[in-house]
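> Sharing a structure, written as structure tokens. Questions coming.
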Amino acid sequence: MLKKILFIFCASFIVIALKAQANEQDMKEYYPGFSFVKGIYMSFDEFKNNNPTYKIEFQKRGENIYIYDDSLKKDVAVNPNKVWGYSDGSNIYISQEEAFWKLITIGKLNQFTAIVITRFSTVDAFGFPIDRYSKMLSQLFFDFQDGEVKRLEKSNLKPYLEAEPLLYNKIKKKLKNDAGLVLAIKSINQLYPIYFPTHE
């Protein structure tokens with residue numbers, strides 16, 4: 001009886017170890033030039049899993065992408081507000097403020113440039129409240145863990161830098177401009193590589 005229990009335990013352990021090894025082999029560390037699955041992502045998780053919902057051919061024309069609609073027999077523009085982004089196989093584009101923006105840096109922290117629309121209220125010449133909008137090209141980033149987009153500012157990077165005191169002390173003086181903040185992101189990404197499923 002003891003031999004039977006020991007055999008079942010060993011067999012279970014071997015199966016679990018083989019599954020873990022197979023899962024590890026399916027993951028590949030990101031590097032510049034990484035080959036992503038081409039398609040349209042409906043969510044951030046699809047990007048993280050390198051598994052777009054729509055693995056269909058699309059055309060890029062200017063800043064827009066188009067897919068062919070069989071029922072209409074014509075190309076239809078993809079609404080950036082309805083998707084997370086897309087991959088052309090080598091680059092990732094994220095939807096932000098009704099447009100697609102290329103990820104410039106990919107890693108634990110992903111950086112991109114986009115136009116940010118800010119709404120503010122004021123009063124007109126007659127004293128009536130009116131809404132005004134301003135557009136500004138901004139540096140943005142998001143964490144690979146949660147996908148929350150934030151402005152690329154020292155205050156938003158500080159928690160990541162404080163977790164790495166040696167790195168923080170090394171680059172603290174360079175954090176006064178965008179170039180220094182981008183350097184901080186790249187330095188953090190070197191310390192924390194990310195992995196994508198390869199789906200091969």
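Every number here is computed from the coordinates shown, using simple stated rules; none is lab data. Keep in mind that this is a model prediction, so the values were computed, not measured. Every residue, glycine as well, gets a Cβ built from its backbone with ideal geometry; the counts of neighbours run over all protein chains shown.
> Kindly check whether there is at least one residue in region 35-57 that is small (Gly, Ala, Ser) and in contact with a strand residue (DSSP E or B) (Cβ under 8 Å, 6 or more places away or on another chain). Spell out the reasoning first.
Of all residues in region 35-57, those small (Gly, Ala, Ser) come to 35, 39, 43.
Checking the rest, the ones that are also in contact with a strand residue (DSSP E or B) (Cβ under 8 Å, 6 or more places away or on another chain) come to 39.
Yes, that holds for at least one residue.
> Sticking with this one: Take PRO197 and tell me if it is surrounded by fewer than 13 Cβ atoms within 10 Å (Cβ to Cβ) and over 18 Å from THR113 (Cβ atoms). It would help to see each step written out before you state the result.
Details: surrounded by fewer than 13 Cβ atoms within 10 Å (Cβ to Cβ): no; over 18 Å from THR113 (Cβ atoms): yes.
No; evaluated as a whole, the condition is false for this residue.
> Whether any residue in region 108-116 is touching a residue at least 40 places away in the same chain (Cβ under 8 Å), in contact with a strand residue (DSSP E or B) (Cβ under 8 Å, 6 or more places away or on another chain) and assigned to a loop (DSSP other than H, G, I, E, B) is what I want to check. Step through it out loud before you land on a result.
Restricting attention to region 108-116, the residues satisfying the condition of being touching a residue at least 40 places away in the same chain (Cβ under 8 Å) are 108-109, 111.
Retained after the next criterion (residues that are in contact with a strand residue (DSSP E or B) (Cβ under 8 Å, 6 or more places away or on another chain)): 108-109, 111.
Then keep just the ones that are assigned to a loop (DSSP other than H, G, I, E, B); that gives 108.
The answer is yes, given that some residue of region 108-116 is touching a residue at least 40 places away in the same chain (Cβ under 8 Å), in contact with a strand residue (DSSP E or B) (Cβ under 8 Å, 6 or more places away or on another chain) and assigned to a loop (DSSP other than H, G, I, E, B).
> For region 156-178, enumerate the residues that are of a type in the set (A, V, I, L, M) and either surrounded by 10 or more Cβ atoms within 10 Å (Cβ to Cβ) or touching a residue at least 40 places away in the same chain (Cβ under 8 Å) (or both).
Of the residues in region 156-178, the ones of a type in the set (A, V, I, L, M) are 157, 161, 163, 166-167, 171, 175.
Passing the criteria: LEU157, LEU161, ALA163, LEU167, ILE171, LEU175.
> Do you know which residues across region 55-82 are surrounded by 11 or more Cβ atoms within 10 Å (Cβ to Cβ) and under 20 Å from GLY147 (Cβ atoms)?
VAL78, PRO80
> Among the candidates PHE128, PHE141, which residue alone is among the hydrophobic types (A, V, I, L, M, F, W, C) and surrounded by fewer than 16 Cβ atoms within 10 Å (Cβ to Cβ)?
Numbers: PHE141 fails: surrounded by fewer than 16 Cβ atoms within 10 Å (Cβ to Cβ).
Answer to the selection: PHE128.
> For region 132-155, does any single residue satisfy the condition of being more than 30 Å from ASP26 (Cβ to Cβ), in a helix (DSSP H, G or I) and touching a helix residue (DSSP H, G or I) at 6+ places or on another chain (Cβ under 8 Å)? Full working, then the answer.
In the first step, residues of region 132-155 are kept if they are more than 30 Å from ASP26 (Cβ to Cβ); the result is 132-140, 150-155.
So of that shortlist, the ones also in a helix (DSSP H, G or I) come out as 154-155.
From the residues that got through so far, the ones that are touching a helix residue (DSSP H, G or I) at 6+ places or on another chain (Cβ under 8 Å) too are 154.
For region 132-155, residues more than 30 Å from ASP26 (Cβ to Cβ), in a helix (DSSP H, G or I) and touching a helix residue (DSSP H, G or I) at 6+ places or on another chain (Cβ under 8 Å): present.
> On to the next question. Taking region 130-173 only, how many residues are more than 18 Å from ALA184 (Cα to Cα) and more than 17 Å from the chain's Cα centre (by Cα)?
Residues flagged as more than 18 Å from ALA184 (Cα to Cα) and more than 17 Å from the chain's Cα centre (by Cα) within region 130-173 amount to 8.
> Residues that are in contact with a Lys or Arg (Cβ under 9 Å, 6 or more places away or on another chain): find the strands (runs of 3 or more DSSP E) completely inside region 57-99 holding 2 or more of those. Steps first, please.
Numbers: elements: 58-61, 64-69, 74-77, 85-87, 92-96.
Of the strands (runs of 3 or more DSSP E) lying wholly inside region 57-99, those with at least 2 residues that are in contact with a Lys or Arg (Cβ under 9 Å, 6 or more places away or on another chain) span 64-69, 74-77, 85-87, 92-96.
> Just to check your reading of the model, which residue among GLY147, GLY85 is more than 26 Å from GLU57 (Cβ to Cβ), surrounded by 14 or more Cβ atoms within 10 Å (Cβ to Cβ) and not aliphatic (A, V, I, L, M)? Spell out the reasoning first.
Values: GLY85 fails: more than 26 Å from GLU57 (Cβ to Cβ).
The conditions single out GLY147.
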